[in-house]
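The values are calculated or read from the model by the stated rules, or taken from the named source; none is laboratory data. Small disclaimer: the values here were computed from a predicted structure and weren't measured. Cβ placement follows ideal geometry from the backbone for every residue including glycine, while neighbour counts extend to all protein chains displayed. Accessible surface is based on the protein model in full, side chains and every heavy atom, while ligands, DNA and RNA are left aside. Shrake-Rupley method; radii C 1.70, N 1.55, O 1.52, S 1.80 Å.
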Amino acid sequence: QVQLVESGGGLVQSGGSLRLSCAASTRIFSLYTMNWYRQTPGKQRELVAVITDGGSTNYADSVKGRFTISRDNAKKTVYLQMNSLKPEDTAVYYCNARIGSLDNWGQGTQVTVSS
C-alpha cells in the first residue's frame, strides 16, 4: 500500500496558475506510473495527465498546452503545473500511483478557479 499526500490546491482567478504536488511513501517510486485525475460532483473521475516510469507523458485534450506533469524520483514526488486556469478546471484533483494492476489514491486536493 502506497500512501500519497497531495498539496498545492486552492482558489485562483481565471488565467492564474497553481502547482500541485503529490508525495509518495514507496521506496520504488521510480517504477510507478503516476497519474493526476480530477472529479466534479456528479461526474466520473477524469484522467488529466500521465507520466510513466520512463518519463513519457500524456494529457487530456482539455488541458494540453496548459498543464505539465513532471516527477522527481529522488524526492518521490509528482507535480502538476497548471497554467492559464479556467473555471471549468475547478475540481478535486487526485494523485494516483499505478504499477501492474495495483492502484493507489491520494485523498484529493480542491482546485477552484473563479471567473
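Things to note:
- Extension gain, Lys64 to Thr40: 0.36 nm times the residue separation minus the Cα-Cα distance gives 6.7 nm.
- Average accessible surface for the chain: 53 Å² per residue, computed with a 1.4 Å probe over protein heavy atoms with every protein chain in place.
- FRET E, pair Gln3, Asn83, Förster distance 22 Å, beta-carbon r, rounded to 0.05: 0.20
- Sparse packing (at most 14 other Cβ atoms within 10 Å of the Cβ) combined with a DSSP loop state is found for the following trypsin sites (Lys or Arg not before Pro) in the range 62-115: Lys64, Lys75.
- Unit Cα scatterers, Debye sum, the chain: log10 I(q)/I(0) for q = 0.19 Å⁻¹: -0.93
- Computed over protein heavy atoms with a 1.4 Å probe, the carbon and sulfur contribution to the accessible area of the chain reaches 47%.
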